[in-house]
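Taking it in order: structure first as structure tokens, then the write-up.
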Amino acid sequence: MKRRDFLKWGSIITGGTLFSSYLVSELLKDDEILHAVKSHTSFEKMIRVGCPSHNCGGRCLLKVYIKEGVIARIETDDRPNDSVEDPQLRACLRGRAYRQRQYHPDRLRYPMKRIGKRGEGQFERISWDEATNLMAEKLAYFKDKYGNESIYVPYGTGSYSQTNGKWSANRLMNLFGGSLGYYNSYSWACISKATPYVYGTNISGNQRQDWLNSEYIIMWGWNPSEMRDGTNSEFFLKKAKEKGAKIICIDPRMTLSAVSLADEWIPIRPGTDTALMSAMAYVMITEGIHDKDFLEKYCIGFDKSQMPPGFEQEESYKDYILGLTDKIPKTPEWAETITGIPTSNIIKIAREYATAKAAVLYQGYGMQRRAYGEQAVRGGCVLAAITGNVGISGGWASGIALQADDGGPLWNVFPMGSNPVKAQIPCFLWSEAVLRGTEMTEEEGLKGADKLNSNIKMIWAVASNAIINQHGNINRTVEIMKDESKVEFFVVQDNFLTPTAKFADLLLPACTQFETWGMEDGWKYGEELILQPKITDPPWETKSDYQICADIAEKLGLKEKFTEGKNEKEWVEELIETYRKSRFPEIPKLDEFEKSNIGVYSVPVTKPRIAFQDFRKDPEKNPLSTPSGKIEIFSSRLFEMNKPETIPAVPKYIQEWESPFGEEAKKFPLQIIGPHYMPRVHSTLANNDWLNDIFPQRVFINAIDAQERKIKNGQKIRVYNERGSLILPCRITKRILPGVVAIPQGAWWEPDKNGNDVGGSVNTLTSEKWTPLAFGNAQHTIMAEVEIYNG
């Protein structure tokens with residue numbers, strides 16, 4: 001069938017009206033759309049709604065046009081009086097193309113149970129009654145046989161709308177006696193762990209309106225034009241540039257952000273960020289352009305005169321930079337051989353950053369999803385400190401930089417209750433808990449218990465593709481999940497038959513966020529709350545995540561406790577009152593909010609909050625929550641872990657376990673990175689044809705590397721290492737550093753008969769190894785080789 005003629009709804013009850021065989025493609029004819037753009041009279045109504053949030057890094061507002069119960073067009077925020085203080089929340093092409101996901105022919109329609117082997121994707125339709133009975137029986141079985149620690153609801157960000165997503169499953173499990181918990185995330189493990197070792201908190205960012213007061217901005221591995229990281233971040237950067245700020249981008253790729261926002265692109269070898277940071281510090285120290293007064297008053301551990309009590313004879317940060325201990329001064333020449341950045345550029349960047357009146361060093365997250373990713377985080381924080389850019393307007397303390405003070409987004413306020421199971425594992429180590437959970441200790445990040453009483457035996461994945469597609473080393477994970485003696489029962493609750501869902505024993509079809517009620521807080525930044533009203537009914541037998549959990553709760557005798565007599569809309573009404581007490585005292589009540597059809601409640605930012613401003617004014621009265629009360633360049637807590645080679649007390653460059661400088665490079669000489677990609681949010685939207693037409697999945701390779709292997713543009717190539725191989729067409733480009741290959745993350749794994757992944761998931765090549773301090777994923781640390789595919 002032609003793409004635009006793919007979908008026939010059959011018979012659907014919508015708003016009490018039955019319509020049959022309605023071909024949605026008829027709504028998409030160009031002449032009708034052109035007419036609608038001019039007049040909008042062909043649509044019955046327009047509803048402003050939050051973009052279905054799949055953890056893209058933004059929270060945007062959509063205008064959704066409805067015709068005969070069907071979404072016929074999507075536009076974005078066009079509120080008047082757009083300003084720096086209260087900007088529009090404009091959606092990217094992912095949100096605007098959401099109809100292709102909403103009306104995709106492959107949506108899951110009915111509950112199903114597996115009839116073939118795990119992973120074959122063979123299922124038969126069952127009733128909801130059978131499905132919820134089976135869920136209740138299995139939950140009771142595993143609780144009785146192994147204990148609640150054997151049940152796991154994994155990390156998953158496919159839905160972030162309070163009532164929708166994994167939060168409902170967490171609430172139900174907590175009422176049922178709990179489940180094995182997890183901490184940190186695939187996104188922020190290292191940066192959220194390492195920042196408090198320097199500052200005592202993760203709230204280290206000024207509000208973004210303050211960027212307009214900066215003279216110099218470093219986008220270090222940060223690509224907001226593509227992955228967002230706060231709706232409108234690129235807008236604020238453009239405004240800062242208009243006011244005279246210089247913007248540079250340090251990244252292995254010439255990203256969309258480098259092209260559209262930066263004055264200069266500095267390509268860097270992946271995994272060497274801390275080497276560059278160290279060399280910049282060397283220039284600042286040896287040229288005397290670091291902020292000595294700030295270091296003396298607000299910091300500890302910079303040099304021997306500032307070491308914490310009891311550690312006076314240990315290596316200070318300055319000792320490390322000057323090479324007084326290891327006899328290796330961290331000069332720009334030293335860093336050039338590691339980073340690939342010319343010495344002259346390193347000196348220039350160091351001088352410009354140090355001598356700017358106020359400067360921002362904004363750290364992206366890719367650099368900390370690597371071996372020893374904690375070091376780059378701490379290194380960036382230290383550069384901000386030694387230049388005195390902490391606690392001032394136009395400056396930036398670096399690190400994770402959550403919004404300053406108590407005004408930041410709350411992420412989720414849907415009440416999940418407390419988990420009776422106190423044991424927690426790092427979310428990236430779930431596969432270890434399947435294989436050897438009872439053997440895990442604090443050395444593998446176990447918290448809340450000395451040991452686990454059971455390995456993971458049941459997994460309930462809600463809005464999550466992290467079990468197969470997004471986890472490290474897919475081929476290893478597949479073998480784990482195929483073994484039914486390990487995970488004995490696997491449930492997937494999702495919109496589509498994802499690579500993870502193909503391994504399910506039970507499939508529960510969830511509706512989309514357009515088909516239920518929810519709400520969104522700002523993502524990391526933002527002074528707004530976005531309403532997500534239900535705008536169309538769930539089709540076929542799909543249900544909201546909340547309703548699915550309520551039905552299971554009923555079979556467990558917990559429905560009254562779970563629902564408290566509320567549906568999703570009534571929960572949203574209650575959650576608005578929670579926000580009224582915590583963030584927005586003037587927010588309208590739900591009925592007024594809904595009738596206004598504004599879609600968003602926002603508070604203009606007229607005076608941006610500055611992180612650590614009070615500390616800077618008076619460090620004695622306003623100490624940090626570090627052991628010393630100061631910015632800790634040297635961490636006594638890290639020193640006392642007694643792991644100096646992997647967790648040093650001062651930030652250091654450590655060669656990665658897979659590196660172009662290691663023996664492994666003889667066989668696998670190319671570094672592979674898996675950046676975020678415009679057409680997807682992680683693996684969500686990977687099956688959106690519109691977006692894939694514009695941004696097809698490709699292997700991006702430098703012309704020099706391609707020429708050495710006689711590869712031509714568009715040719716199918718095989719990328720491989722000891723963990724797996726994938727086959728994709730290539731795109732030869734000068735916009736990536738030689739020796740580096742980019743395979744955008746999130747494409748759906750699709751093995752051929754020989755085990756080659758022809759879908760192009762970079763996790764076919766990634767490792768399951770974790771970082772030493774945060775126990776976070778290091779999925780960007782990959783070495784591989786490339787060859788022409790002759791199959």
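Put K559, K117, K607 in order of accessible area, largest first, 1.4 Å probe: what do you get?
Accessible-area ranking of K559, K117, K607, largest first: K607, K117, K559.
Considering the values (1) 1.21; (2) 0.94; (3) 1.09, which represents Cα Rg over 2.2 N^0.38 Å as calculated for the structure under consideration? Matching the structure shown: (2). Computed over the stretch 644-791, relative contact order equals 31 percent, with contacts defined as Cα pairs under 8 Å that lie 6+ residues apart.
Which distance in Å, rounded to a whole number, links the C-alpha centroids of the stretch 590-663 and the stretch 290-317? So the two Cα centres are separated by 20 Å.
Only helical runs count toward this figure. For the chain, summing -39,500 (n - 2.57) over DSSP H runs of n ≥ 4 and dividing by all residues gives -7500 deg cm²/dmol at 222 nm. Distances between placed amide hydrogens fall under 5 Å for S725 paired with D757, all partners being 5 or more residues away or on another chain. Other residues whose C-beta falls under 11 angstrom from the C-beta of G271 contribute a net charge of 0, scoring Lys and Arg +1 and Asp and Glu -1. Counting only residues at least eight positions apart within a chain, or on another chain, the aspartates and glutamates with an alpha carbon under 12 Å from that of K193 are E374. Lysine pair count for the stretch 663-788 (Cα-Cα distance under 30 Å; residues 8 or more apart in sequence or on different chains): 20. Please report the spacing between the Cα centers of the stretch 502-531 and the stretch 262-289 in Å, no decimals. When both Cα centres are located, 40 Å separates them. Mind checking the angle between helix 233-242 and the chain's longest principal axis? C-alpha axes, 0 to 90 degrees, to the nearest 10. Tilt of helix 233-242: around 50 degrees. Peptides 348-355, 562-569 ranked from most to least packed give 348-355, 562-569, packing being the mean of other C-beta atoms within 10 angstrom over each peptide's residues.
The C-alpha atoms of the chain define a longest principal axis, and helix 545-555 lies at about 60 degrees to it. In whole angstrom, note down how far apart the Cα centers of the stretch 242-261 and the stretch 125-145 are. Centre-to-centre distance over Cα atoms comes out at 52 Å. How about K143: which lysines have a C-alpha closer than 17 Å to its C-alpha, ignoring those fewer than 8 places off in the same chain? Correct list for K143: K422, K457, K486, K555. By the rule of a C-alpha distance below 17 Å, with chain neighbours fewer than 8 residues away ignored, the lysines paired with K45 are K63, K67, K534, K595.
With a cut-off of 11 Å between beta carbons, the residues surrounding G759 carry a summed charge of -3, where Lys and Arg count +1 and Asp and Glu -1. In the context of the full set of protein chains, residues of the stretch 495-570 present 26 Å² of accessible surface per residue (probe radius 1.4 Å, heavy atoms only). With K and R counted +1 and D and E -1, the other residues having a Cβ less than 14 Å from that of T325 yield a net charge of -1. Expressed as a whole percent, the accessible surface of the chain that belongs to carbon and sulfur atoms is 48, based on a 1.4 Å probe. DSSP beta bridges fully contained in the stretch 663-788 are about 70 percent antiparallel. Largest first and in whole Å, the equivalent-ellipsoid semi-axes of the stretch 193-311 read 29, 17, 15, each the square root of five times a Cα gyration tensor eigenvalue. Packing order of peptides 209-216, 512-519, highest average first: 512-519, 209-216 (average count of other Cβ atoms within 10 Å over each peptide's residues).
A simple packing score, the average count of other Cβ atoms within 10 Å per residue, orders the peptides 530-538, 579-587, 445-453, 366-374 as 366-374, 530-538, 445-453, 579-587, with the highest score first.
Distance cut-off 21 Å, Cα to Cα: go down the list K166/K451; K348/K630; K292/K630; K304/K327; K145/K566 and report the pairs above it. Could you put the intermediate results ahead of the total?
Details: K166/K451 26 Å; K348/K630 30 Å; K292/K630 15 Å; K304/K327 17 Å; K145/K566 33 Å.
Among K166/K451; K348/K630; K292/K630; K304/K327; K145/K566, the Cα-Cα distance tops 21 Å for K166/K451; K348/K630; K145/K566.
The values are calculated or read from the model by the stated rules, or taken from the named source; none is laboratory data. A quick note: this is a predicted structure, and the numbers were derived from the prediction, not measured. Cβ coordinates were reconstructed from backbone atoms using ideal geometry, including for glycine residues, and neighbour counts include every protein chain displayed. Remember, those area values only see protein heavy atoms, side chains included, never the ligands or the DNA or RNA. Shrake-Rupley method; radii C 1.70, N 1.55, O 1.52, S 1.80 Å.
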